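The values are calculated or read from the model by the stated rules, or taken from the named source; none is laboratory data. Since we're looking at a predicted model, the values are computed, not measured. Every residue, glycine among them, receives a Cβ derived from its backbone with ideal geometry; neighbour counts consider all protein chains shown.
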């Protein structure tokens, strides 16, 4: 399968995250065909197919992501099934197509609005749950912060929703709940994701999770010097996608 990165503006670290994500992809994803980047293209990138598309939605991050995904549906040379990547997704173990499953975090069907935190992302997830319920769809949270396989022929599902309105809807929960999603699996059923969010992780527990899980993901608040060092030790060799 092809792999596609949705990339926003240049990061503070000269797209360090993308550089090392590409190294992990090349090393550990065994069925890789071509690599695409839609959005910002780093100066050091090479041997990728680039689609130049900006982010017009200033207060709706997920709408920018969905617009990029919808654009991919018009790319005839993109593989029918492709891996949707972000620059903070890292493959930690050798992986084949059959390993990349649509894992979900939780079933939101019984949740009320008061169960969601009062921040923009959580309220976007609530809006997604609400619109899915109103349209008779399942209401699982698929915002797993891991690579997901999407299908070009099913991307039109996004066009049934006004994803650009207000704070929008969550990218993968909107997609997987509105198509015929196979192999439904909870993200805690196996050692799927070493995820770190909100604060610097304990180094010992961080290393243990990295050794056990298939994917690594972290946000800015958890990106410690120890995390950076661990990633650089795992993937010291340049990928063919770097100048």
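Observations, loosely collected:
- Segment 189-201: number of residues that are loosely packed, with under 12 Cβ neighbours inside 10 Å and modelled with pLDDT of 90 or more: 2
- Any chance residue 107 is surrounded by fewer than 18 Cβ atoms within 10 Å (Cβ to Cβ), touching a strand residue (DSSP E or B) at 6+ places or on another chain (Cβ under 9 Å), closer than 21 Å to residue 120 by Cα and without any contact (Cβ under 8 Å) to a residue 40 or more places away in the chain: yes
- Scanning segment 162-186 for residues that are under 30 Å from residue 59 (Cα atoms) and surrounded by fewer than 20 Cβ atoms within 10 Å (Cβ to Cβ) turns up 162, 164, 165, 166, 167, 178, 179, 181.
- Among the numbered conditions (1) assigned to a loop (DSSP other than H, G, I, E, B); (2) crowded, with 18+ Cβ neighbours inside 10 Å, the only one that residue 19 does not meet is (1).
- Test: residue in segment 81-92 that is more than 20 Å from residue 240 (Cα to Cα) and at pLDDT 95 or above: yes
- Scanning segment 1-16 for residues that are part of a loop (DSSP other than H, G, I, E, B) and over 24 Å from residue 230 (Cα atoms) yields a total of 3.
- Any hit, segment 28-48, residues being surrounded by 19 or more Cβ atoms within 10 Å (Cβ to Cβ), in contact with a strand residue (DSSP E or B) (Cβ under 7 Å, 6 or more places away or on another chain), in contact (Cβ under 8 Å) with a residue 60 or more places away in the chain and within 30 Å of residue 123 (Cα to Cα): no
- Residue list for segment 131-161, filter: farther than 30 Å from residue 77 by Cβ, touching a residue at least 12 places away in the same chain (Cβ under 8 Å) and not in a loop (DSSP other than H, G, I, E, B): 131, 132, 133, 140, 141
- Against the list (1) part of a helix (DSSP H, G or I); (2) surrounded by 18 or more Cβ atoms within 10 Å (Cβ to Cβ), the condition residue 123 fails is (2).
- Cross-chain or 6+ apart pairs with Cβ under 6 Å, segment 184-212 first and closer than 18 Å to residue 93 by Cβ, then loosely packed, with under 14 Cβ neighbours inside 10 Å: 191/212
- Segment 94-115, residues that are assigned to a strand (DSSP E or B), within 13 Å of residue 177 (Cβ to Cβ) and under 16 Å from the mean Cα position of the chain (by Cα): 104
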